[in-house]
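Colleague: Sharing a structure, written as structure tokens. Questions coming.
Bear in mind that the values in this text are calculations on the coordinates, not laboratory data. This one's a predicted model, so the numbers in the text were calculated from it and none came from an experiment. Every residue, glycine among them, receives a Cβ derived from its backbone with ideal geometry; neighbour counts consider all protein chains shown.
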Amino acid sequence: MYDIIIIGAGPAGLTSAIYASRSENKVLVLEESNYGGQIINASKIENYPGEINISGYDLVTNMYNQALQLGSEIKNEKVLDIIDKNEYKEIITNENKYKTLSVIIASGASNRKLNIPNEKELIGKGISYCATCDGAFYKNKTVAVIGGGNTAINEAIYLSDMCKQVYLIHRNSCFKAMEKYVETLKKKNNVKIILNSNIIKINGIDKLESIETNKEKIDIDGLFIAIGREPEVSYDSIDIELDNNGYIISNDKCNTNIDGVFVAGDVRKKEVRQLVTATSDGAIAALNAIKYVKKNKSSN
């Protein structure tokens with residue numbers, strides 16, 4: 001029996017593990033893939049307090065190692081379901097079943113897809129969702145980025161420093177990104193911004209060859225999709241309250257509508273999704289989970 005099981009090993013989940021383990025709880029972190037969440041792909045972070053300039057990889061690796069040193073167990077397993085047994089929760093993964101007094105869901109959000117033909121088939125063959133991961137493959141080549149938020153603009157800026165030509169395609173006439181990022185992008189001589197445009201076709205068999213928008217056909221070597229993220233929540237046996245977009249609803253203590261189940265990070269409904277708010281959620285969720293576990297133990 002674990003005291004707290006944390007689903008997800010991004011900044012929110014790892015922060016929860018650090019706080020929970022420091023309070024001498026038996027803690028297990030379950031992560032489907034690699035630790036770090038989306039921030040691990042950030043080449044440079046300049047807005048995290050205390051770190052003037054650090055890579056996402058270095059920052060979350062420090063968090064990961066800290067959680068391990070404090071006694072957290074971390075396993076690579078995909079959580080399939082959560083079952084509320086009243087006195088405890090049962091976590092079903094692709095490999096095991098675990099019992100725990102409390103759960104913190106910090107599963108984050110995944111890359112939103114275009115959902116058009118040939119997208120899935122060409123992932124890794126010209127299509128990517130991470131410029132810092134795959135940008136180096138396209139040095140001196142022609143690429144396109146689709147999206148209008150901070151991530152898309154920053155990926156286009158990053159790619160412009162190594163690629164011959166960068167197209168930024170956005171479906172609207174204005175950007176959601178911060179104005180300073182947009183202004184930086186506009187100063188790049190090798191960036192062409194295409195507004196009010198949607199990709200309607202992806203061409204290529206063994207590798208990406210071109211894309212077609214509602215306006216034109218563009219020959220490219222790489223396509224970077226940055227159109228947002230979708231929350232990772234899919235548990236059939238527990239009725240967690242979600243908003244219309246699938247994010248978990250909670251109060252300021254990160255309590256969900258299920259007693260003993262807490263939420264932290266990008267999977268939580270909130271206005272601001274930043275690294276610092278993810279770690280804040282992680283700490284708040286852990287502290288309240290600790291209180292819940294202590295109360296639960298004392299009453300039994």
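Colleague: Angle check, please: helix 11-22 long axis (alpha carbons) against the longest principal axis of the chain (alpha carbons), in degrees 0 to 90, nearest 10.
Modeller: 20 degrees
Colleague: Tell me, what HN-Hα J-couplings in whole Hz come from the Karplus equation 6.51 cos²θ - 1.76 cosθ + 1.60 at θ = phi - 60° for each residue of segment 77-89, using x for Gly and Pro?
Modeller: Listing the rounded values in order: 9, 8, 7, 9, 7, 10, 10, 8, 9, 6, 6, 7, 10 Hz.
Colleague: In deg cm²/dmol, rounded to 500, what helix-only [θ] at 222 nm does the chain give when every DSSP H run of at least 4 residues adds -39500 (n - 2.57) and the total is split over its residues? Walk me through the numbers before you get to the answer.
Modeller: Numbers: 6 runs with 73 residues, N = 300.
The helix contribution divided over the chain gives -7500 deg cm²/dmol.
Colleague: Show me the ranking of peptides 119-127, 183-191 by mean Cβ neighbours inside 10 Å, starting with the highest.
Modeller: Details: 119-127: 16.2, 183-191: 13.3.
Top to bottom by mean Cβ count within 10 Å: 119-127, 183-191.
Colleague: Moving on to the next point. Along each principal axis of its Cα atoms, how long is segment 127-225 end to end? Whole angstroms, biggest number first, please.
Modeller: 38, 29, 22
Colleague: Can you list residues whose amide H is under 5 Å from Ile74's amide H, if they're 5+ apart or on another chain and H is modeled 1.01 Å from N?
Modeller: Correct list: Val29.
Colleague: Calculate one ³J(HN,Hα) per residue across segment 213-224 by plugging θ = phi - 60° into the Karplus curve 6.51 cos²θ - 1.76 cosθ + 1.60, and present them in order as whole Hz with x for glycine and proline.
Modeller: Coupling constants for segment 213-224: 9, 6, 10, 7, 9, 10, 7, 9, 9, x, 10, 10 Hz.
Colleague: Students often get this wrong, so check it: of Lys176/Lys270; Lys44/Lys176; Lys75/Lys294; Lys125/Lys186, which have C-alpha atoms separated by over 19 Å? Could you put the intermediate results ahead of the total?
Modeller: On the way: Lys176/Lys270 17 Å; Lys44/Lys176 21 Å; Lys75/Lys294 25 Å; Lys125/Lys186 28 Å.
Exceeds cut-off: Lys44/Lys176; Lys75/Lys294; Lys125/Lys186.
Colleague: Using alpha carbon centroids, what distance separates segment 269-284 and segment 133-164, in Å?
Modeller: So the two Cα centres are separated by 27 Å.
Colleague: 5 Å is the cut-off here: which amide hydrogens, built 1.01 Å from N in the peptide plane, fall below it relative to Lys215, excluding neighbours closer than 5 in sequence?
Modeller: Counting only residues 5 or more places away or on other chains, the set is Asn198.
Colleague: Cut-off under 20 Å on the C-alpha distance; same-chain residues fewer than 8 positions from Lys192 excluded. Which aspartates and glutamates are left, in chain and number order?
Modeller: In chain and number order, the partners are Glu155, Asp161, Glu179, Glu183, Glu209, Glu212, Glu216, Asp219, Asp221.
Colleague: Further, regarding this structure: Check the chain for me: any Cys whose beta-carbon has no other cysteine beta-carbon within less than 4.7 Å?
Modeller: Cysteines of the chain left without a disulfide-compatible partner: Cys163, Cys174, Cys254.
Colleague: Related question: Kindly state, to the nearest 0.05, the FRET efficiency for Val276 paired with Ile83, given R0 = 45 Å and r defined as their beta-carbon distance.
Modeller: 0.85
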